[in-house]
Amino acid sequence: MRKDERGFIVKRGFILLCVLALVLSLGGTVLADNVIKIGAIYPFTGPMAGTAQMLKNGVLMAVDIINNKHDFDFLFADTEGIPSLNGAKIEVIFADSAGDPKTGMSEAERLITSEGVVALVGCYQSSVTKTASQAAERYGIPFVNGDSSSPQLTERNFKWFFRSDPHDGLYVRQQFEHLVELEKQTGESLRRIGLVYENTETGSNVAKATEELAKEFGFELVEKIAYTTGATNLSSESTRLMASKPDVVMMGAYISDQILFAKTFKTMRFAPKVWHNTGAPGEPDFIDSLKGDANYLFLRQGFCADQVENKPVLVEVLQRFRDKFGHEMMADAVRSFHAPIVLADAINRAGSTEPEAIRQALLETDIPGKYCLSPWEGIKFDPETHQNIYGKYIICQIQEETFYTVFPSAFATRGPVFPFPAWEDR
Amino acid sequence: MNVGLVQALLSGLLMGFVYSLIALGLSLIYGVMDVVNFAHGEFLMLGMFLAYWFSVLFRLDPLISIFIIIPLLFVVGVGVYKGLIKRILNGTRISQILTTFGLSVFMANMAMFLWTPNYRLAERTLTRATGDLPIFGVHVGIPEVIASLGSIIVFALAYYLIRFTRTGRAIQATSIDSEGARLVGINIDNIYAITFGLGISCVGAAGVLLATFYYIFPYVGTFFSMIAFATVALGGFGSVEGSFVAGILIGIIESLGGFFISPAVKYAIVFMTYMVVIILRPATGLFGW
């Protein structure tokens, strides 16, 4: 190829590129006028990557309902985009925290300052949500959290932080209410509590709440064991627990340790009357890996698939989720689903994307229970703490390798199996 | 109390044998090649995942597939040596550390990419090798008993190979003085490849045995490799006998410490014991030379 010929091609290419860039930027600005950006921070890399994908799909499901027309009764289902802003579409910009509080915070700052998001959602791990919401507080940008459970988050009385999900403190209270109800139903005493928890922030907070509420409800804490998560061997923990002869074991454990505890209990033939877990074995791989040995454990859930019986809208959303993503909508996706809906509702009522206007609208949020996928009476924020005052968990029991809601009775689809059967009889 | 003591002692002892086998591979590779393999825990993870996939795809119990996985991991070990470790043998210490550390990050993330971060348990088809045994009034899991017996057997085989065969003598000679070994006509490169393969087979075998009762996920190796480092340092880097005794010691210290003092500090006690030994016998551990 001759030199001037090559120059010609380069020149022509350059002009073409310029034209293309011009068209794109024009198109961009036209689009940008009718787009509302929301930032979402999740741990997309690292050991929680699988969970993060589930959380992301929950957010995308909500955005799909907001942005497109759907033929069932739900908020924003019969409109496209935000009605009061001429149908402006919600666009979510996802960022990766890698599960690290520092990264979470800097990503929050980046989303606010260079991406220009009007609000934030996320970040799953309470420690990350804590720092990312500090950034939002500093810049004065609304942060709606649907997927972190540390009680502390809403005890800070932040001006810009709102939480739709219930928190661990509330759950422990429900746990004790459940025990009292079990005592009434069965006439057996369940007063001796053995508490086991992992010794980082989440577990320790659960333990603190359990200790306080045990006193309030008149239960006796006969053993209290902190363990190291990821331990290679949990037999000394289990031996001590067994020696204290508790009626009830309350455990704040991650799924991995919970699997090992179940195996160790089985080997030692340790079967307390009730085994309760506060941690994460609501994830599907818990039952997948343990199979029948997972049965009869009680655990908290923000959502359980058997709730479709109580809530017609669930059938619609779960089906659309399955069609869109090719897998079931699990509890974590349900949790992250609520935050964009809450935000879209507030932006719509505010009729503006000004932070202060959105914040005022958030304070007046009153979403009826029929538009919540979780079994709540609705979403309404406490004026001081900004915690959803209707936020509640349900207690499920694993029976026949499936989760069934057993408490509160208003949502129960099955009765509990009590007491926890001896390992050799199952 | 007595029952608790017996339970703690027994489960500590059983786990200790597995720790010994995990430590053996690490100690061997260091003793002969002077390379600290930071990817050791990831090879354990690889052994566990292989056991899992054999159990799911071919319905082979880990206790059967172990006979396939040990030679397989030997080949993998030789391959990793030829492709990677060989190139850094004459490099600086820092480049060796970065390479094996990088390998560990790569393996854990590759496992996560290929097999998702989900937790799994291997499927057991040999149902007779599950359940539990009553011993001295307490119950211990049959898989745990088999895992510790299996660890002893593999350890004994490796020990025999190193101490009493021609190849083993060549490995020992290389470990003592690689230049001298080269002078008497030992092919150092082959010895290194065999040693690395042997080390990886040992830790992989421990992984397969663990997979009979322990949960499996991409980062499962992290905690085990921390214990392995403490074990090797306690027993003396490079000492085969040291690994054996130190593994058992650590298993028992962990279990009894957790039972008598508090489970929250059981690993603190393990690492404290290790630090005391390091202070008293800094260069050699309990058995090193």
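The values are calculated or read from the model by the stated rules, or taken from the named source; none is laboratory data. All values derive from a computational prediction rather than experimental measurement. Cβ coordinates were reconstructed from backbone atoms using ideal geometry, including for glycine residues, and neighbour counts include every protein chain displayed.
Side notes on the structure shown:
- Positions within region A:320-329 being surrounded by fewer than 18 Cβ atoms within 10 Å (Cβ to Cβ) and not in a helix (DSSP H, G or I), in sequence order: A:Gly326, A:His327, A:Glu328
- Looking across region B:62-105 at every residue that is small (Gly, Ala, Ser) and surrounded by fewer than 20 Cβ atoms within 10 Å (Cβ to Cβ), the one that is nearest to B:Gly150 (Cα to Cα) is identified as B:Gly79.
- Sole residue being crowded, with 23+ Cβ neighbours inside 10 Å, in contact (Cβ under 8 Å) with a residue 12 or more places away in the chain and either in contact with a strand residue (DSSP E or B) (Cβ under 7 Å, 6 or more places away or on another chain) or part of a strand (DSSP E or B) (or both), chosen from A:Val63, A:Val59: A:Val59
Each row is one residue, and each column tells you yes or no for (1) part of a helix (DSSP H, G or I); (2) within 13 Å of chain A (Cβ to nearest Cβ); (3) touching a Leu at 6+ places or on another chain (Cβ under 9 Å).
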{"position": "B:Leu60", "(1), (2), (3)": "no, no, no"}
{"position": "B:Ile66", "(1), (2), (3)": "yes, no, yes"}
{"position": "B:Pro71", "(1), (2), (3)": "yes, no, no"}
{"position": "B:Val78", "(1), (2), (3)": "yes, no, no"}
{"position": "B:Ile94", "(1), (2), (3)": "yes, no, no"}
{"position": "B:Thr99", "(1), (2), (3)": "yes, no, yes"}
{"position": "B:Gly102", "(1), (2), (3)": "yes, no, no"}
{"position": "B:Arg124", "(1), (2), (3)": "no, yes, yes"}
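- Test result for B:Leu114, of a type outside the set (Phe, Trp, Tyr), within 14 Å of chain A (Cβ to nearest Cβ) and without any contact (Cβ under 8 Å) to a residue 40 or more places away in the chain: yes
- Subset tally (residues that are part of a loop (DSSP other than H, G, I, E, B) and under 25 Å from the mean Cα position of the chain (by Cα)) for region A:68-115: 14
- B:Glu179 passes every criterion in (1) loosely packed, with under 14 Cβ neighbours inside 10 Å; (2) under 30 Å from B:Gly4 (Cα atoms) apart from (2).
- For region B:2-58, the set of residues classified as surrounded by fewer than 23 Cβ atoms within 10 Å (Cβ to Cβ) and among the charged types (D, E, K, R) consists of B:Asp34 only.
- Of all residues in region A:160-187, those that are more than 25 Å from A:Leu55 (Cα to Cα) and of a type in the set (D, E, K, R) total 5.
- Just one of the listed residues (A:Asp73, A:Asp147) is among the charged types (D, E, K, R) and within 17 Å of A:Tyr42 (Cα to Cα), namely A:Asp147.
- Some residue of region A:274-284 being aromatic (Phe, Trp, Tyr), assigned by TED's automatic domain parsing to the domain that holds A:Asn205, assigned to a helix (DSSP H, G or I) and crowded, with 20+ Cβ neighbours inside 10 Å: no
- Looking only at residues of region A:296-314 that are modelled with pLDDT of 90 or more and part of a loop (DSSP other than H, G, I, E, B), we find that the one that is surrounded by the fewest Cβ atoms within 10 Å (Cβ to Cβ) is A:Tyr296.
- Selected residue (only one of A:Val317, A:Val334 is part of a helix (DSSP H, G or I), within 25 Å of A:Tyr42 (Cα to Cα) and in contact with a Phe, Trp or Tyr (Cβ under 7 Å, 6 or more places away or on another chain)): A:Val334
- None of A:Val128, A:Val206, A:Val144 is assigned by TED's automatic domain parsing to the domain that holds A:Met242 and of a type outside the set (Ser, Thr, Tyr) except A:Val206.
- Against the numbered list (1) in contact (Cβ under 8 Å) with a residue 60 or more places away in the chain; (2) outside any helix (DSSP H, G or I); (3) closer than 22 Å to A:Tyr124 by Cα, A:Thr229 comes up short only at (1).
- Count - residues of region B:206-233 that are within 11 Å of chain A (Cβ to nearest Cβ) and either farther than 11 Å from B:Pro62 by Cβ or among the polar types (S, T, N, Q) (or both): 14
- Qualifying residue in region A:195-209 (condition: assigned to a helix (DSSP H, G or I) and facing chain B (nearest Cβ under 8 Å)): no
- Restricting attention to region A:370-426, the residues being in contact with a Lys or Arg (Cβ under 6 Å, 6 or more places away or on another chain), aromatic (Phe, Trp, Tyr) and in a strand (DSSP E or B) number 1.
- Count of region B:136-167 residues which are surrounded by 21 or more Cβ atoms within 10 Å (Cβ to Cβ), part of a helix (DSSP H, G or I) and either in contact with an Asp or Glu (Cβ under 7 Å, 6 or more places away or on another chain) or acidic (Asp, Glu) (or both): 1
- Against the conditions (1) surrounded by fewer than 24 Cβ atoms within 10 Å (Cβ to Cβ); (2) touching a residue at least 24 places away in the same chain (Cβ under 8 Å); (3) out of contact with any Phe, Trp or Tyr (no Cβ under 8 Å at 6 or more places or on another chain), A:Ile255 satisfies every one except (3).
- Those residues of region B:261-289 which are away from every other protein chain (no Cβ under 14 Å) and outside any helix (DSSP H, G or I), in sequence order: B:Arg281, B:Pro282, B:Ala283, B:Thr284, B:Gly285, B:Leu286, B:Phe287, B:Gly288, B:Trp289
- A single entry from A:Ala119, A:Ala95 fulfils the requirement of being in contact (Cβ under 8 Å) with a residue 40 or more places away in the chain and surrounded by 24 or more Cβ atoms within 10 Å (Cβ to Cβ): A:Ala119.
- Filtered by the rule that a residue be part of a loop (DSSP other than H, G, I, E, B) and either outside the structural domain of A:Ala119 (by TED's automatic domain parsing) or modelled with pLDDT of 90 or more (or both), region A:149-166 gives A:Glu155, A:Arg156, A:Asn157, A:Phe158, A:Lys159, A:Trp160, A:Ser164, A:Asp165, A:Pro166.
- Residue under evaluation A:Glu216, criteria (1) farther than 19 Å from A:Asp168 by Cα; (2) more than 10 Å from chain B (Cβ to nearest Cβ); (3) charged (D, E, K, R), criterion not met: (1)
To keep it simple, each residue is scored yes or no on (1) over 13 Å from A:Leu343 (Cα atoms); (2) at pLDDT 95 or above; (3) basic (Lys, Arg); (4) in the same structural domain as A:Gly369 (by TED's automatic domain parsing).
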residue: A:Gly39; (1), (2), (3), (4): no, yes, no, yes
residue: A:Pro47; (1), (2), (3), (4): yes, no, no, yes
residue: A:Thr51; (1), (2), (3), (4): yes, no, no, yes
residue: A:Val59; (1), (2), (3), (4): no, yes, no, yes
residue: A:Ile66; (1), (2), (3), (4): no, yes, no, yes
residue: A:Glu91; (1), (2), (3), (4): no, yes, no, yes
residue: A:Phe94; (1), (2), (3), (4): yes, yes, no, yes
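- Boolean, B:Gly197 is surrounded by fewer than 18 Cβ atoms within 10 Å (Cβ to Cβ), of a type in the set (Gly, Ala, Ser), away from chain A (no Cβ under 14 Å) and farther than 30 Å from B:Pro282 by Cβ: no
- Residues that are within 19 Å of A:Gln174 (Cβ to Cβ) and crowded, with 20+ Cβ neighbours inside 10 Å within region A:354-389 comprise A:Cys372, A:Leu373, A:Ser374, A:Pro375, A:Trp376, A:Ile379, A:Gln387, A:Asn388, listed in sequence order.
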